2 protein chains.
Amino acid sequence: MSSDDANPNPLLSERIRIALADEITAGTLRPGQALDEQQIGDRFGASRTPVREALRQLAAASLVEIRPRRGAIVAGFTAERIVEMFEMTAEIEAMCVRLAAWRMTPIERSRLARLHEESEAMVLDNDIDAYDRLNWEFHRAIYEGTHNSFLAEQAIALRDRMAAFRRTQLRESGRPVRSRGEHEKVLEAIMRGDGEEAARCMRAHMFNASAALDRFTAKRESAPNN
Amino acid sequence: MSSDDANPNPLLSERIRIALADEITAGTLRPGQALDEQQIGDRFGASRTPVREALRQLAAASLVEIRPRRGAIVAGFTAERIVEMFEMTAEIEAMCVRLAAWRMTPIERSRLARLHEESEAMVLDNDIDAYDRLNWEFHRAIYEGTHNSFLAEQAIALRDRMAAFRRTQLRESGRPVRSRGEHEKVLEAIMRGDGEEAARCMRAHMFNASAALDRFTAKRESAPNN
DNA sequence: GATGATTTGTACGTATGTATA
DNA sequence: ATATACATACGTACAAATCAT
């Protein structure tokens, strides 16, 4: 799941997990599709054992659903489900930023501001991937600013699962510019130490991202040539 | 973990997972302790295969830590870590109740009120286990009241992991009475549809639970004869 | 630093439970 | 409704990596 693309994990089960996770979030594997252990094993030149472990991990991330003795299927990403996931992400992000606004140290605050400044060039170049990476750094800095490592871990895991959706969302024309503008509002509230206002801005930011994804995928559906 | 004690799960891996989860949250298995697959298998009369699956599940719930090719150890529950977990739980619960206060249907609201009324008898009888069960129902009704099934699932999973800590917390003398009083404040705010106030009450409720656990375990440490 | 012991990671075989004809 | 086919759940075996000496 790309928490570290530069890590060619030597464990077969992990490689399979990552590959399947990518295919599921990318939509190559459709919701409801059966995931036959033998079949997947053949595809990766592996036995069923590491496949099983990969499927269990994916079930824990609710990317697949396992019915005991009845096999695994790709979890259902209905439009409604994705909206729900975005709402939860939005609320978690809001929670984090509220706490961070109260607890971040001056050094942490200045680092956050610097990250935001750096992102300007990427928006101007329309370099989606670079902006997405800095976006990640920005949000991660907020998680750490909560000074609650358990919360930070959970937030990172959730964001990881949504990775594919977030990237897609940024492809809507003009979205990166607006995204950065929303970040600026969040940043200002953090700098003032106004946690509640920061939370409101963050919710709005995530809501806009969700809406952008919705519009983008709707357009894509009607004109399926990528 | 006891999400359903009345469910003698036929899957060996699940039974092992539940047993280990209980021992970890109960403190029988100490943080940092190595979890040898063979050894655990022997204890449960099982082979390493279901043990491995159980350990993976527990890692996903961050109850154990798996280092590739170096085995699994019990995750570290320092006092600080537990406080962090309670804070996250509190914020998640607050998030849920805020949404629920705005979205619950009249039928859902009346069911919630009924659950609260039923709990009175159990507090008077000082029946901790029965109160804990109804407590669970109360919070679960709130999760479902968010009308966001993804959020509800995550909240349930988190609460499940904290199960042992919550039960322990209720054993402090007088705690059930106060706990129920706090529920009442939450309920009133929900009934008024005041999400923000409900969230504040819920945070306070969870903070008090955390503090009660803290006092209870501190006392227990100094007088270890249970 | 090298060697042996232990433990994990993976392959494969078998039986039980589920779905289908 | 019964039987057949098939996938999963678990057990066993071996190779590779880690650790202990």
Any residue at all in region A:58-69 that's outside any helix (DSSP H, G or I), more than 16 Å from DNA strand D (Cβ to nearest atom) and in contact with a helix residue (DSSP H, G or I) (Cβ under 8 Å, 6 or more places away or on another chain)?
yes
Go through (1) at pLDDT 90 or above; (2) under 29 Å from B:Gly27 (Cα atoms); (3) of a type in the set (D, E, K, R) one by one and return the number of the condition B:Arg167 breaks.
(1)
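Among the candidates A:Thr89, A:Thr25, A:Thr49, single out the residue that is assigned to a helix (DSSP H, G or I), at pLDDT below 90 and not hydrophobic (A, V, I, L, M, F, W, C). Don't jump to the end; show me each part of the working.
Details: A:Thr89 fails: at pLDDT below 90; A:Thr49 fails: at pLDDT below 90.
Unique residue meeting the criteria: A:Thr25.
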From the list A:Ile73, A:Ile40, which residue is over 19 Å from the mean Cα position of the chain (by Cα), away from chain B (no Cβ under 14 Å) and not in a helix (DSSP H, G or I)?
A:Ile73
Check on A:Ser13, in contact (Cβ under 8 Å) with a residue 24 or more places away in the chain and outside the structural domain of A:Asp194 (by TED's automatic domain parsing):
yes
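Restricting to region A:43-52, name every residue that is more than 14 Å from chain B (Cβ to nearest Cβ) and loosely packed, with under 15 Cβ neighbours inside 10 Å. If you could, list the steps in order and put the result at the bottom.
At the first step, the residues of region A:43-52 found to be more than 14 Å from chain B (Cβ to nearest Cβ) are A:43-46.
Residues satisfying the conditions are A:Arg43, A:Gly45.
Residue by residue, here is whether (1) surrounded by 15 or more Cβ atoms within 10 Å (Cβ to Cβ); (2) of a type in the set (D, E, K, R); (3) under 17 Å from B:Pro68 (Cβ atoms) holds:
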| position | (1), (2), (3) |
| --- | --- |
| A:Pro10 | no, no, yes |
| A:Arg17 | yes, yes, yes |
| A:Ile24 | yes, no, no |
| A:Thr28 | no, no, no |
| A:Gly32 | no, no, no |
| A:Leu35 | yes, no, no |
| A:Gly41 | yes, no, no |
| A:Ala54 | yes, no, yes |
| A:Leu58 | yes, no, no |
What's the number of the condition B:Phe150 fails, among (1) touching a residue at least 40 places away in the same chain (Cβ under 8 Å); (2) within 13 Å of chain A (Cβ to nearest Cβ); (3) hydrophobic (A, V, I, L, M, F, W, C)?
(1)
Region B:153-167: number of residues that are buried (at least 17 other Cβ atoms within 10 Å of the Cβ) and free of Cβ contacts under 8 Å to residues at least 40 places away in the same chain
1
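The values are calculated or read from the model by the stated rules, or taken from the named source; none is laboratory data. Just so it is clear, the model here is predicted, and its values are computed rather than measured. Positions of Cβ are backbone-derived with ideal geometry, glycine not excepted, and every protein chain shown enters the neighbour counts.
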